[in-house]
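The values are calculated or read from the model by the stated rules, or taken from the named source; none is laboratory data. Since we're looking at a predicted model, the values are computed, not measured. Please note: Cβ atoms are built from the backbone with ideal geometry, for glycine as well, and neighbour counts cover all protein chains shown. Note: areas computed on protein heavy atoms with side chains; ligands, DNA, RNA excluded. Shrake-Rupley method; radii C 1.70, N 1.55, O 1.52, S 1.80 Å.
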Amino acid sequence: MTSTYIGGVEGGATHSKLVICDEQGDVVTTIAGLGTNHWQVGIPEVVRRIIDMATRAKAAAGLPQTLRLKCLGLSLSGGGEDSKEALESELRSADPNLAESFVITNDTVGSIATVSPLGGVVLISGTGSNALLKNPDGSEFNCGGWGHMMGDEGSAWGISYRAMKTVFDDEDNFVRSPHPTNVVWRLIKEHFSVETRHDLLNFFYAKHYDKPLIAGLCSKLAKAANEGDRLSQQLFTEAGRLLAKHIIALLPRVSEDLVRSGELSIVCVGSVWQSWDLLKMGFVKEMNTTSVNYGLALKRLTRTMALGASYMAADAIQFSLPRDYAKNYELFHTHHNSAAVNGRKIE
């Protein structure tokens, strides 16, 4: 048995994963768990879920429960500077044998760390949405990530919300839908087991508001879009446009050192990216409204970003953990254009 084990957590709003790596960089176990966004379930429940995953992970790897991980990296949806201290304190109190030290970031940072040690952009479109740029000098810049009341544009929640708002507005004759709403309305009623628009209000205004449930409508809308429903297709085209706007917002902050290879690495994380064919038209059209003198390399993770969290954990304690970044992602789209930026033509 090797003596050093590093852990990493991918903490999504709906689902989470925990990995344990040995000192050779090999993953000895991967465990799935419930969502770990403290804004949704509270810090005590997040801690309970992390400890549950760690307990099951140690058991699956044949490690004693008394073994303390050298460091545990936590890359959590909704994580931030305001919650780090409280989260670590609760973890140490609840399970002193969990880990010797902790590294706590939000899920955007962990995704970038899974693909490159230099940095890049991560664009999350899952239950919610968020974008983060990390430069080689460690500077970070954010766009989005403010939750469903103040953001989440282009996310599964955002697409689902726009579907329902379109139906409401069309029925009210407030804003008429450019396409028939019958298919989308049928999917809404089936998903929430309702018959009227009034029935839907319980899912938004009552105390049992359930963001993942609302976001879950998105997968059904994707299926309808692929089957030819025009309104569903429009919803995804618009989502693609909004996701591109996240990138455009960050471009002025990109360091030259980050794009010396001629491309900016953009890690696309979340279930909505599985519908790239539906997002692509809006994404490309919006990106063509601006330009830079380098390409955009859109990548999707092929392995959990809990690995990135474990890489950050190892780096934090200056432990040389072997890693092969190329195995963690695949390139699915490269974007180039030559539009004018600030009055200059980029060739």
Q.
Can you confirm whether Phe141 is among the hydrophobic types (A, V, I, L, M, F, W, C) and surrounded by 15 or more Cβ atoms within 10 Å (Cβ to Cβ)?
A. yes
**Q.** Selection status of Ala59, open to solvent by 60 Å² or more (accessible area, probe 1.4 Å) and hydrophobic (A, V, I, L, M, F, W, C)
**A.** yes
Q | Single residue of Ser320, Ser275, Ser255 found to be of a type in the set (S, T, N, Q), buried (at least 18 other Cβ atoms within 10 Å of the Cβ) and either without any contact (Cβ under 8 Å) to a residue 24 or more places away in the chain or out of contact with any Gly (no Cβ under 6 Å at 6 or more places or on another chain) (or both) | A | Ser275
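State whether one or more residues within region 34-43 are of a type in the set (A, V, I, L, M, F, W, C), at pLDDT 95 or above and outside any loop (DSSP other than H, G, I, E, B). Before the answer, list the steps.
First, pick out the residues of region 34-43 that are of a type in the set (A, V, I, L, M, F, W, C): 34, 39, 41, 43.
Right, trim to at pLDDT 95 or above and you get none.
The answer is no, given that none of the residues of region 34-43 is of a type in the set (A, V, I, L, M, F, W, C), at pLDDT 95 or above and outside any loop (DSSP other than H, G, I, E, B).
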Q: Look through region 222-240, keep the residues that are buried (at least 20 other Cβ atoms within 10 Å of the Cβ) and within 21 Å of the chain's Cα centre (by Cα), and return whichever of them is farthest from Val284 (Cα to Cα).
A: Ala222
(Q) Restricting to region 59-82, give me the number of residues that are within 14 Å of Val9 (Cβ to Cβ), outside any loop (DSSP other than H, G, I, E, B) and not hydrophobic (A, V, I, L, M, F, W, C). (A) 2
**Q.** In region 144-178, the residues that are open to solvent by less than 60 Å² (accessible area, probe 1.4 Å), assigned to a helix (DSSP H, G or I) and touching a residue at least 60 places away in the same chain (Cβ under 8 Å)
**A.** Ala156, Trp157, Gly158, Ile159, Ser160, Ala163, Thr166
Q) Among the residues of region 85-102, is any open to solvent by less than 10 Å² (accessible area, probe 1.4 Å) and within 21 Å of Val28 (Cα to Cα)? A) yes
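Would you say Val184 is hydrophobic (A, V, I, L, M, F, W, C), at pLDDT 90 or above and within 28 Å of the chain's Cα centre (by Cα)? I'd like the intermediate steps shown before the answer.
On the way: hydrophobic (A, V, I, L, M, F, W, C): yes; at pLDDT 90 or above: yes; within 28 Å of the chain's Cα centre (by Cα): yes.
So Val184 passes the test.
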Q | Some residue of region 1-19 being in contact with a Ser or Thr (Cβ under 7 Å, 6 or more places away or on another chain), within 30 Å of Leu331 (Cα to Cα) and open to solvent by 60 Å² or more (accessible area, probe 1.4 Å) | A | yes
